[in-house]
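Since the structure comes first, as structure tokens, the remarks are kept for the end.
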């Protein structure tokens, strides 16, 4: 009732699409049960069996043997049942082939629909699995269309598209159809029109991390580790690295010979500035390095408030703070410390003020009492130079 080529096609699909032939057959059997009931009665208890060896389909009906038939779809009288099987008794369930002559046409149409649907589902599932393995990874895609600022990117399979939303696009970048771009897969979701969509980004820190891993083999080998990355996409990135192998120069490995490695990353980011600093357990050193490219003369920290004061040369104050406070803001995020920046002259004026307050406080205290002259100005000093937003 089904052409031999149909089963040969299932064999081929099993090889090429990695979809089990038995899965197809079971799915088709279930679909044919529904097709049979739709054409010959929803109440019937039937089973459809595909027999590849004979290229045939059999429809088997099951009925319960009763004294008096109330539902002809599911029940059969004892007398009629004995015509099928002699030694039956009340309560037995007997089976009987009820394959209609015209069922071949119904089966052929149903088989086509089932195979097409299952193929589509299997391809989507395979595409989802492929992208799931690449979650939080870097992939290359081709821009296929742009709608209201959102860029749709064809990834490794036509069944899955990448969605690059405006907030995931580097400011100032322009995309055109057929452009090849690198993107970072943030998450997967079901698309509005069905299928799977990958939410991709070029602005997250993960994108920069994967770019460094692609350019710096020492990171992949575990000789150099990335401790922290902070970023304001399109403007500046700060990355802290550490040499897990003490014979390796972590900064040199990331920069590359004559800057070839870091320059390749900067080019991919459209000229975004990148500060690579060496990580340190010592907060004094780490904070000073994090304020790169500015030179830091001295760092003071307050462990209780997790705050710090960095003192820089007078001509480096604006560089340390950065435009709109960007450099010190990123340094603070990179280290996890709140950072206040003062120039040498500002710090000198500040210390003079503290001494003057100290002297006035001691004079006033001595005029009123002959008690001890010990006055704790530590909290006052903190208030002067710590907790100031830049």
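The values are calculated or read from the model by the stated rules, or taken from the named source; none is laboratory data. None of these values were measured; they are calculated from a predicted model. Heads up, the Cβs are rebuilt from the backbone with ideal geometry, glycines too, and the neighbour counts pull from every protein chain shown.
Side notes on the structure shown:
- Residue match in the range 106-113 (condition: more than 16 Å from residue 34 (Cβ to Cβ) and either without any contact (Cβ under 8 Å) to a residue 40 or more places away in the chain or exposed (fewer than 12 other Cβ atoms within 10 Å of the Cβ) (or both)): no
- From the list 28, 50, 119, the lone residue that is in a helix (DSSP H, G or I) and touching a helix residue (DSSP H, G or I) at 6+ places or on another chain (Cβ under 6 Å) is 28.
- Complete set of residues in the range 75-94 that are closer than 20 Å to residue 48 by Cβ and at pLDDT below 90: 84
- Within the range 24-51, the set of residues being more than 17 Å from residue 98 (Cα to Cα) and surrounded by fewer than 14 Cβ atoms within 10 Å (Cβ to Cβ) comprises 26 only.
- Evaluation of residue 16 against the conditions (1) at pLDDT below 85; (2) surrounded by 15 or more Cβ atoms within 10 Å (Cβ to Cβ) shows that the sole unmet condition is (2).
- Residue 68 vs. criteria more than 22 Å from residue 102 (Cβ to Cβ) and without any contact (Cβ under 8 Å) to a residue 12 or more places away in the chain: yes
- Qualifying positions in the range 222-252 - out of contact with any helix residue (DSSP H, G or I) (no Cβ under 9 Å at 6 or more places or on another chain) and part of a helix (DSSP H, G or I): 251, 252
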